[in-house]
Amino acid sequence: MKKNEIKIGGQYTCKVSDKIVVVKITGENPHGGWDATNLKTGKAVRINSAQRLRSAKFVDQKALDAAVAEKTEKKAQAKAAKAEKVAAKAKAEPQAEAPAAAADKSSEALAPATTSEAKEKKMGLVSAAIQILKDGANTPMSVKEMVEQVTAKGLWSPARGGKTPAATLYAAIFREIKQKGEASRFTQTDRGKFALKQ
């Protein structure tokens, strides 16, 4: 409301302590604004500005309380109806998405097998070379032949763009023979050729 619309003795709705109440203006306050009486509690209140006041649609507090309660109830009912609608929609959606969920579960069931297969294929170069020698009835091979076969069979592939896997494998086998001696898994049968120790 505007200042010139406020009348002494008039009743207005006003928000006091987070509650909307009916107040009666009793006079102007010497420090600005108005003195008023809260008609619900009978206590004196000070109204600082005209913006806090609304024209009194209800002249008594009971009528105002009833109107506020009705408004609150309507809001609660609307909220409940909305929640009910959302719940009904959510209940209907899982049935519609059941095939998709089943597909997801079946793909999840397949995922571990795929992962284990990937782990089997992702063996180290030395382990892959041992596998190749076993598969080839332990026929002595050069490291170049071993690398060609492990990559052809998909047992191993170079990581980070390794350009000299044969040299890497040769160094690993030679190091194992030198360091482990009798405990080594490999034996050198000829120049540049290796087999598994019997």
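Here, each number is a calculation from the coordinates, and none is a lab measurement. The structure displayed is predicted, hence computed values, not measured ones. Heads up, the Cβs are rebuilt from the backbone with ideal geometry, glycines too, and the neighbour counts pull from every protein chain shown.
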Checklist outcome for this item: Counting Lys and Arg as +1 and Asp and Glu as -1 over every other residue whose Cβ sits under 14 Å from the Cβ of SER142, the net charge comes to 0
Checklist entry - Using the 10 angstrom Cβ neighbour count as an exposure proxy, how do THR72, THR41, THR13, THR168 rank, fewest first? => result THR72, THR41, THR168, THR13
Checklist entry - Hey, which of these cross-link pairs are over 30 Å Cα-Cα: LYS19/LYS91; LYS40/LYS74; LYS7/LYS75; LYS7/LYS74; LYS2/LYS43? => result LYS19/LYS91; LYS7/LYS75; LYS7/LYS74
Item to check | Neighbour-count order for ARG160, ARG54, ARG185, fewest beta carbons within 10 angstrom listed first | outcome: ARG160, ARG54, ARG185
Next on the checklist: Quick check on the exposure proxy: order ASP190, ASP135 from fewest to most C-beta atoms within 10 angstrom.
Outcome noted: ASP190, ASP135
